[in-house]
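Asker: Here you go, one structure.
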Amino acid sequence: MKTNRKHWIGTVLLAGLVALTAACGNGNAGNGTNAAAANSGNTETTTPTEAAQTEAPTTKDEGTLTVYLNDFDSIIAPLFEEATGFKLEVVAGNGAEIMSRVEAEKGNPHWDVVWLDAMPSIYGLGASGQLMEGWSPNNVANLTDYAKGFVPEKQWYVPTGAHAAGVIVYNKDKVKAEDAPKSWEDFSNGKYKNLIGMADPAIAAPAYPFVSLFFKEKTIEGGQAYFSSLMDNGLRVYPKNPNVVKALAAGEISIAALQESNAYSMKNDGEPIEIIWPSEGAPASVRVAAIQKDTKNPNAAKAFLEFLLDPKTQQALIDQGDESYFQPSVTGVNAKADRSPDAKLVAADASWASENEAAIKQWFADQSVK
């Protein structure tokens, strides 16, 4: 009988995290562009089982494949095991916990694959020599044109989807539609003083891609000035997006920059909220999967990445997963029907975001103690 073993990671200290998330790297990385929500073209693809068999193993795997991830932990193992026959052990935690564990194990990694919506952090692992490079899944042609732009030059990882790290959400019982913010620049308006919340970029995986776009587009100094203006306007920063959801529901805040799956879940649960996709675009959080360079299970690891690029897999994640609101990275997949067809996603360059990650997170940590 196949088993789905899952371990949970304890909370980590923020101060330690900031030091651990430092990553340097040069080279080409995917540059984000605006894109529509779904890419529904049809292409010929192999099944996950076929994908796993397209390349004859040159070495034998030594054990069970271990994947570190922050979402889909309840469904991914049975889906993968049924499709390929490989067994999978899942280690789940938030983005900060996973990256801290990876850093702590740098001399003796216990993971084979890391799969997170934290592209800048994973880019940093590649730049520091911790990832397999120069290998591409046999079904990489399944990638959409948008997703192909995120594949790094040395092929450290593959994108498996992108979602809005933050859309504008407001409580309709507290804020009238005509008074709601329509753009990110509106967040500094004095009429929203003490009404706005967001997740902490040092803890929540999607929150750093959210803030990094502003710092990239406005420069470091401009990004600091922008977020300082929000903090001066009473911006509340919560550890993770579920905490932002609770604050919205409880009336602690009336407006939020909220990760899109959390936003749509609130709406589907009957909460009196409305979702606005800013015309300038929503900062994208790109989920990527990468293989540890010295993995003892290369065959299962490669099969897992090919499995993630199979349209059937991504459709199952959308149909069954908790974080099911995202733009698929491969063709032949339909996004959620109620996801805005005009959704725009914009991502900061992964190399730049990786190089500046520690400094930006440290700046936010410094603001939190003032």
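The values are calculated or read from the model by the stated rules, or taken from the named source; none is laboratory data. Keep in mind the model is a prediction, meaning the values are calculated, not measured. Surface areas here come from the heavy atoms of the whole protein model, side chains and all, with no ligands, DNA or RNA. Shrake-Rupley method; radii C 1.70, N 1.55, O 1.52, S 1.80 Å.
Asker: Can you tell me the mean projection area, over all orientations, of the convex hull of segment 156-285's alpha carbons? Units nm², please.
Answerer: The directionally averaged projection comes out at 8.2 nm².
Asker: Run the Debye formula on the Cα coordinates of segment 156-209, all scatterers equal and no solvent, and tell me log10 I(q)/I(0) at q = 0.18, 0.28 1/Å.
Answerer: Those come out to -0.74, -1.23, one per q.
Asker: Can you list the aspartates and glutamates whose alpha carbon is less than 19 Å from that of Lys296, not counting same-chain residues fewer than 8 positions off?
Answerer: Glu55, Asp61, Glu62, Glu81, Glu89, Glu103, Glu105, Asp112, Glu133, Glu306
Asker: Students often get this wrong, so check it: of Lys216/Lys240; Lys240/Lys302; Lys267/Lys336, which have C-alpha atoms separated by over 24 Å?
Answerer: Cα-Cα > 24 Å for Lys240/Lys302; rest within.
Asker: Would you grab the residues whose amide H sits under 5 Å from the one on Gln327? Only those 5+ places off in sequence or on another chain, please, with H modelled 1.01 Å from N.
Answerer: Distant-sequence amide H within range of Gln327: Ala162, His163.
Asker: Please turn the phi angles of segment 67-74 into ³J(HN,Hα) values with the Karplus equation 6.51 cos²θ - 1.76 cosθ + 1.60 (θ = phi - 60°), one per residue in order, whole Hz, x for glycine and proline.
Answerer: Calculated HN-Hα couplings, in order: 10, 8, 8, 10, 8, 6, 5, 7 Hz.
Asker: Which pairs break 31 Å Cα to Cα here: Lys60/Lys361; Lys176/Lys361; Lys191/Lys218?
Answerer: Lys60/Lys361; Lys176/Lys361
Asker: From the phi of every residue in segment 159-165, what ³J(HN,Hα) in whole Hz does the Karplus formula 6.51 cos²θ - 1.76 cosθ + 1.60 yield, where θ is phi - 60° and glycine or proline is x?
Answerer: x, 10, x, 9, 9, 6, 5
Asker: Just tell me which aspartates and glutamates come within less than 20 Å, Cα to Cα, of Lys344; anything on the same chain fewer than 8 places away is out.
Answerer: Candidates past the 8-residue exclusion: Asp117, Asp145, Glu185, Asp186, Glu217, Glu260, Glu274, Glu280, Glu323.
Asker: Pull up all non-local amide H partners of Val346: gap of 5 or more, or a different chain, and H-to-H distance under 5 Å with H placed in the peptide plane.
Answerer: Under 5 Å from the amide H of Val346 lie the amide H atoms of Ala282, Ala284, each far enough along the sequence or on another chain.
Asker: Shifting gears a bit: What list of ³J(HN,Hα) couplings, whole Hz, do you get for segment 231-246 from phi and the Karplus terms 6.51, -1.76, 1.60, once you set θ to phi - 60° and write x for glycine and proline?
Answerer: Once rounded to whole Hz, the list reads 5, 5, 8, x, 4, 9, 10, 9, x, 9, 4, x, 5, 5, 4, 4.
Asker: How much accessible area per residue does segment 222-305 have, counting only protein heavy atoms and a probe of 1.4 Å, in square angstrom?
Answerer: It amounts to 33 Å² per residue over segment 222-305.
Asker: Collect residues whose amide H, placed 1.01 Å from N in the peptide plane, falls under 5 Å from the amide H of Arg236; neighbours closer than 5 in sequence don't count.
Answerer: Answer set, sorted by chain and number: Ile196, Gly197, Met198.
Asker: Out of every Cα pair in segment 280-356, what percent are spaced more than 18 Å from each other?
Answerer: 55 percent
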